[in-house]
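Right, one structure below, let's go through it.
Quick note: the coordinates plus some simple rules give every number you see, no bench work behind them. Source: prediction; values computed, not measured. Cβ coordinates were reconstructed from backbone atoms using ideal geometry, including for glycine residues, and neighbour counts include every protein chain displayed.
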Amino acid sequence: MAPYNRPYRKDDMGATARLEFRVTPDNRARIERAAEIAGEPVTAFARSAAEQRAEQILREYEATTTVPAEYFDELLAAFDAPVQPSPALADAAQRLRETVVRD
């Protein structure tokens with residue numbers, strides 16, 4: 001393998017918890033090759049990939065709003081209901097028509 005040209009990140013030094021997993025020999029070779037190309041130690045490369053994936057999954061999960069089915073059904077029914085503009089909205093639309101000049 002080529003020498004590592006990536007300096008350790010500051011947070012590398014504070015890592016004390018262990019996480020281990022098994023991979024197939026082919027996947028190990030791929031990971032080692034990718035780490036070599038990236039100029040990173042295999043451990044740092046694998047940790048970084050796992051951290052990035054975890055961050056992505058958590059962002060997607062936290063961005064999802066879960067509501068009860070009843071609430072969702074009511075929301076869809078409201079979208080399908082006929083529009084009933086408020087007097088204030090009707091006044092604003094009238095002022096727009098009086099103010100905006102279209103050629």
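Using 0.36 nm per residue, how much length does the chain from Thr99 to Thr43 gain when fully extended, once their Cα-Cα distance is taken away? Let's see the in-between values first.
Details: separation 56, 0.36 × 56 = 20.16 nm, distance 6.55 nm.
Contour length minus Cα-Cα distance gives 13.6 nm.
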* Asked: Considering the dipole of the stretch 48-103 built from charges on the beta carbon (Lys and Arg +1, Asp and Glu -1) around the Cα centre, which of Val67, Leu96, Phe79 is farthest to its positive end?
  -> Leu96
* Given labels modelled 7 Å from the Cα in the Cβ direction, how far is it in nm from Gln84 to Tyr71? -> 2.3 nm
* Charges only on Cβ, +1 for Lys and Arg, -1 for Asp and Glu: so what's the dipole of the chain about the Cα centre, in debye to the nearest 20? -> 680 debye
